[in-house]
Amino acid sequence: NAGVMQNPRHLVRRRGQEARLRCSPMKGHSHVYWYRQLPEEGLKFMVYLQKENIIDESGMPKERFSAEFPKEGPSILRIQQVVRGDSAAYFCASSQGTGGAGQPQHFGDGTRLSIL
Amino acid sequence: RKEVEQDPGPFNVPEGATVAFNCTYSNSASQSFFWYRQDCRKEPKLLMSVYSSGNEDGRFTAQLNRASQYISLLIRDSKLSDSATYLCVVNMESGGSYIPTFGRGTSLIVHP
């Protein structure tokens, strides 16, 4: 499967635990974006990364959330000390070039995070 | 003012009908534009890019009006399988980079 791969598909955590969401972009794509979608809501941009660099994190909550895209391996979205309000679908997308270059994004299946 | 605005609908139309959605954006420096489709609890899927000259893909036609800052999607001969949420995406300049910004989506329900 050459598409964007996210895992796990479903993740259940108790309040106060950590959640790690992984995303492997499409082959040949070096731009990764993370979005959050609450039930009955639209997609909210969180962070935009290229290899080893955070380009724009204006949509990330100031605390508890972090993201990385190392030189080797998948991009990771990390949520520390999760709270009930973190329950949502988290989608990762990748593109071949920058948004300014007119390259469309391709999305993974998402990770549904549920906080007990 | 929201950056990308869409009428949430739902648009409830019979099979075979023609339906059109609009989407307005606030940043005149926006670059590229897309329509995505999202089925319930699934990932968004690219439907088509939107070009200034307009583009057509089968029953779907997309238009861009830069002067008025809106894009449109026209669906002809609606099928039951067209029922979904249609997301407008605008790549907006933000701090030197372009960030794909999503509208909240327009819900389409096609009934027999």
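The values are calculated or read from the model by the stated rules, or taken from the named source; none is laboratory data. Just so you know, these numbers come straight off a predicted model, no measurement behind them. A quick note on method: Cβ atoms are made from the backbone with ideal geometry, for glycine too, and the neighbour counts reach across all protein chains shown. We work out accessible area using only protein heavy atoms, side chains counted, and drop any ligands, DNA or RNA first. Shrake-Rupley method; radii C 1.70, N 1.55, O 1.52, S 1.80 Å.
Below, the figures for the structure above:
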{"read-out": "Portion, in percent, of the accessible area of chain B that falls on carbon or sulfur, probe 1.4 Å", "value": "48 percent"}
{"read-out": "Pairwise FRET efficiency - B:ALA29 versus A:LEU116, Cβ, R0 = 25 Å, nearest 0.05", "value": "0.05"}
{"read-out": "Per residue accessible area of the stretch A:1-109, 1.4 Å probe, in Å²", "value": "52 Å²"}
{"read-out": "Chains A and B, summed buried accessible surface - 1.4 Å probe, Å², nearest 100", "value": "1700 Å²"}
{"read-out": "Nearby lysines by direct alpha-carbon distance to A:LYS71 (threshold 16 angstrom, same-chain neighbours under 8 apart not counted)", "value": "A:LYS27, A:LYS51"}
{"read-out": "J(HN,Hα) series, the stretch A:27-37, from Karplus relation 6.51 cos²θ - 1.76 cosθ + 1.60, nearest Hz, glycine and proline x", "value": "4, x, 9, 10, 10, 10, 10, 10, 10, 10, 10"}
{"read-out": "Chain B: relative contact order as a whole-number percent, Cα under 8 Å and 6+ apart", "value": "37 percent"}
{"read-out": "B:ASN22 paired with A:LYS44, simple spin-label distance in nm, labels 7 Å along Cα-to-beta-carbon", "value": "2.8 nm"}
{"read-out": "Label-to-label distance, nm, for residues given as B:CYS40 and B:ARG59 (7 Å Cα→Cβ offset)", "value": "2.0 nm"}
{"read-out": "Rh by Kirkwood over Cα pairs, then Stokes-Einstein D for chain B at 1.002 mPa s and 20 °C, µm²/s", "value": "151 µm²/s"}
{"read-out": "Full-stretch length increase - A:GLU63, A:ARG15 - with 0.36 nm per residue and alpha-carbon distance subtracted", "value": "15.7 nm"}
{"read-out": "Volume in Å³ per residue [convex hull over Cα atoms, computed for chain A]", "value": "101 Å³"}
{"read-out": "Rounded percent of accessible protein surface that carbon and sulfur make up, chain A, 1.4 Å probe", "value": "44 percent"}
{"read-out": "Cysteines having no other Cys beta carbon under 4.7 Å from their own, within chain B", "value": "B:CYS40"}
{"read-out": "Cβ neighbours within 10 Å from other chains - mean over B:93-103", "value": "6"}
{"read-out": "Cross-link reach list, lysines versus A:LYS44, counting only Cα pairs under 22 Å and skipping chain neighbours closer than eight places", "value": "A:LYS62, B:LYS2, B:LYS42, B:LYS45"}
{"read-out": "The stretch A:64-113 - Debye-derived log10 I(q)/I(0), Cα point model, q = 0.20, 0.24, 0.30, 0.32 Å⁻¹", "value": "-0.87, -1.05, -1.18, -1.20"}
{"read-out": "Whole-Hz ³J(HN,Hα) from phi, Karplus 6.51 cos²θ - 1.76 cosθ + 1.60, for the stretch B:19-31, glycine and proline x", "value": "9, 10, 10, 10, 8, 10, 10, 9, 9, 5, 7, 4, 9"}
{"read-out": "Length-normalised contact order for chain A - Cα pairs under 8 Å, 6+ apart - percent", "value": "37 percent"}
